[in-house]
Amino acid sequence: MRWSRPRQISKAFEDKWKGKLEQAAGKSGDLGLGAAVREFEALEDLMGRIGSFAGLTYFSDTSDPANGKLYGDVQSKLTDMASHLLFFSLEMNRIEDAVIDAALQTDMLAAHYKPWIVDLRLDKPYQLDDKIEQLFLEKSMTGASAFNRLFDETMASLKFTIDGEELPLEVTLSMLQDANPETRRKAAEALTATFKANLRIFTLITNTLAKDKEISDRWRGFTDIADSRHLANRVEREVVDALTAAVKEAYPRLSHRYYAMKAKWLGMEQMNFWDRNAPLPETPNALIPWEDAKETVLSAYGAFDPGMADIARKFFDGGWIDAPVRPGKAPGAFAHPTVPSAHPYVLVNYMGKPRDVMTLAHELGHGVHQVLAGEQGALMASTPLTLAETASVFGEMLTFRALLDKTRDNRERKAMLAQKVEDMINTVVRQIAFYEFERKIHTARKEES
């Protein structure tokens with residue numbers, strides 16, 4: 001790719017608008033604040049498009065050195081472009097509220113971007129001097145993002161030995177859902193052995209990321225361990241604290257009670273940790289073909305709204321889903337929104353388990369949401385995690401309800417309901433447990449500083 005033109009565009013934008021935004025706030029038309037935001041949005045879309053291509057290529061096979069080089073080179077070039085755009089949000093937030101409010105009243109184009117402008121100003125109290133922000137930006141590639149990449153590549157390259165055969169992560173994790181308890185035990189022991197063998201690198205990554213966060217939080221003036229995360233999610237600390245307290249208080253009557261019941265259903269006094277996601281004896285063992293999974297999700301979406309199914313169908317027809325399990329492919333699943341001028345992509349590791357169908361439905365919920373949100377433009381299409389997960393869980397529940405309604409056998413219905421309870425426990429209870437664990441990690445790291 002020839003990078004001279006994108007670099008020239010970003011530099012030209014800087015030359016045109018840097019130091020002039022407050023003056024632009026008093027005008028309208030091509031010299032007004034709205035016009036500046038519109039030009040900034042176009043650059044964000046361009047950068048997002050380039051970055052999405054490199055990122056999706058990389059995650060399709062993180063073990064391919066060519067993909068890693070492309071990803072690293074593109075990130076470096078995008079950071080260079082971003083350095084010419086950094087002034088924009090910083091300068092916007094230095095404009096007095098009264099001036100911004102007046103611009104939103106007189107400049108119709110600026111008024112269009114009001115949600116983004118209002119959202120941007122939430123970051124104002126934690127904004128640093130321009131030179132420090134520039135340093136943070138340029139060092140980002142060698143800081144947290146570098147160690148996140150190291151983690152991703154390490155996880156994708158790990159092998160887990162079971163009965164003399166080396167297996168990738170996704171296949172091994174899938175075996176924890178096997179009906180045979182011995183298979184589950186072997187998978188759990190293989191996971192433990194490989195993770196233990198890589199404990200030093202995981203410890204280094206965790207400690208480095210925790211310290212990196214502590215430095216950033218300290219400089220920006222965040223008082224609580226989770227405040228920066230709450231700001232990114234656009235949710236108040238009090239709301240998260242209330243949610244955490246409510247879920248923890250419900251541990252005994254929800255997850256503790258459920259797993260005690262499940263142990264009895266499995267004929268155990270107490271489950272081993274590898275039995276947590278074990279299927280009940282009533283669960284059908286047949287694998288679900290990809291075409292059946294596709295039809296299941298689309299019919300469930302269509303029963304709610306045909307338009308929702310039409311959007312989801314584009315992902316299948318357009319090749320917007322990467323489904324097969326491959327060596328080096330990123331584990332887990334995600335829906336990548338890319339940018340409004342393109343379209344989203346979904347990555348899953350589909351192996352035909354019922355949970356894989358739910359994962360597909362979950363990620364397509366994100367995908368449909370991202371397509372619809374794209375109409376808002378590059379600056380206003382993205383949503384905080386708290387809102388984004390609403391769409392995905394909704395898509396998942398639509399699919400589950402459709403499957404449950406079709407099932408007449410009470411034993412199969414019991415198995416399906418049990419699996420959904422476990423998914424909901426994973427969505428809420430386990431996430432709160434993760435949150436509490438991370439608070440302890442970051443608190444301990446901060447106290448050592």
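Quick rundown of the values:
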| item | result |
| --- | --- |
| Within the stretch 358-375, tally of residues that are of a type in the set (V, I, T) and either crowded, with 24+ Cβ neighbours inside 10 Å or over 28 Å from A415 (Cα atoms) (or both) | 2 |
| Of residues in the stretch 87-98 being of a type outside the set (F, W, Y) and surrounded by 15 or more Cβ atoms within 10 Å (Cβ to Cβ), the one nearest to G26 (Cα to Cα) | I95 |
| Boolean, E166 is charged (D, E, K, R), modelled with pLDDT of 95 or more, more than 20 Å from E41 (Cα to Cα) and touching a strand residue (DSSP E or B) at 6+ places or on another chain (Cβ under 8 Å) | yes |
| Filtered residues of the stretch 207-252 (kept if in contact (Cβ under 8 Å) with a residue 12 or more places away in the chain and of a type in the set (V, I, T)) | T208, I225, V235, V240, T244, V247 |
| Subset of the stretch 325-339 (residues that are more than 13 Å from the chain's Cα centre (by Cα) and at pLDDT 95 or above) | V339 |
| Qualifying residue in the stretch 7-23 (condition: crowded, with 20+ Cβ neighbours inside 10 Å and under 12 Å from A103 (Cα atoms)) | yes |
| Residue check for R430: assigned to a helix (DSSP H, G or I), over 19 Å from D227 (Cα atoms), more than 22 Å from the chain's Cα centre (by Cα) and not assigned by TED's automatic domain parsing to the domain that holds R313 | no |
| Residues being assigned to a helix (DSSP H, G or I), buried (at least 21 other Cβ atoms within 10 Å of the Cβ) and of a type in the set (F, W, Y) - total across the stretch 305-356 | 1 |
| Any hit, the stretch 277-286, residues being of a type in the set (A, V, I, L, M) and within 30 Å of D317 (Cβ to Cβ) | yes |
| Within the stretch 285-304, tally of residues that are assigned to a loop (DSSP other than H, G, I, E, B) and either exposed (fewer than 15 other Cβ atoms within 10 Å of the Cβ) or among the aromatic types (F, W, Y) (or both) | 4 |
| Residues within the stretch 25-41 that are of a type in the set (G, A, S), assigned to a helix (DSSP H, G or I) and modelled with pLDDT under 95, tallied | 1 |
| Residue pairs meeting the criteria (Cβ under 8 Å; at least 6 apart or on separate chains; first in the same structural domain as A98 (by TED's automatic domain parsing) and at negative phi, in the stretch 114-135; second surrounded by fewer than 16 Cβ atoms within 10 Å (Cβ to Cβ) and of a type in the set (K, R)) | D119/R234; L122/R234 |
| Residue pairs meeting the criteria (Cβ under 6 Å; at least 6 apart or on separate chains; first more than 20 Å from M261 (Cβ to Cβ), in the stretch 390-414; second exposed (fewer than 14 other Cβ atoms within 10 Å of the Cβ)) | none |
| Helices (runs of 4 or more DSSP H) wholly inside the stretch 66-125 containing at least 1 residues that are of a type in the set (G, A, S) and farther than 21 Å from E39 by Cβ | 97-106 |
| The stretch 41-67 residues that are without any contact (Cβ under 8 Å) to a residue 24 or more places away in the chain, paired with ones that are acidic (D, E) (beta carbon under 7 Å, 6 or more apart) | N67/D61 |
| Given (1) part of a loop (DSSP other than H, G, I, E, B); (2) out of contact with any Leu (no Cβ under 7 Å at 6 or more places or on another chain); (3) surrounded by 13 or more Cβ atoms within 10 Å (Cβ to Cβ); (4) polar (S, T, N, Q), number of the condition N277 does not satisfy | (2) |
| Failed criterion for A242 (all others in (1) among the aliphatic types (A, V, I, L, M); (2) farther than 30 Å from Y350 by Cα; (3) surrounded by 13 or more Cβ atoms within 10 Å (Cβ to Cβ) hold) | (3) |
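Okay, residues lined up against (1) modelled with pLDDT of 95 or more; (2) over 30 Å from G34 (Cβ atoms); (3) out of contact with any Leu (no Cβ under 9 Å at 6 or more places or on another chain):
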residue: T386; (1), (2), (3): no, no, yes
residue: G395; (1), (2), (3): yes, yes, no
residue: L404; (1), (2), (3): no, yes, no
residue: T427; (1), (2), (3): no, yes, yes
residue: F437; (1), (2), (3): yes, yes, yes
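The values are calculated or read from the model by the stated rules, or taken from the named source; none is laboratory data. It should be emphasised that the depicted structure is a prediction, and the values quoted were computed from it without experimental measurement. Note: ideal-geometry Cβ built from the backbone for every residue, glycine included; neighbour counts use all protein chains shown.
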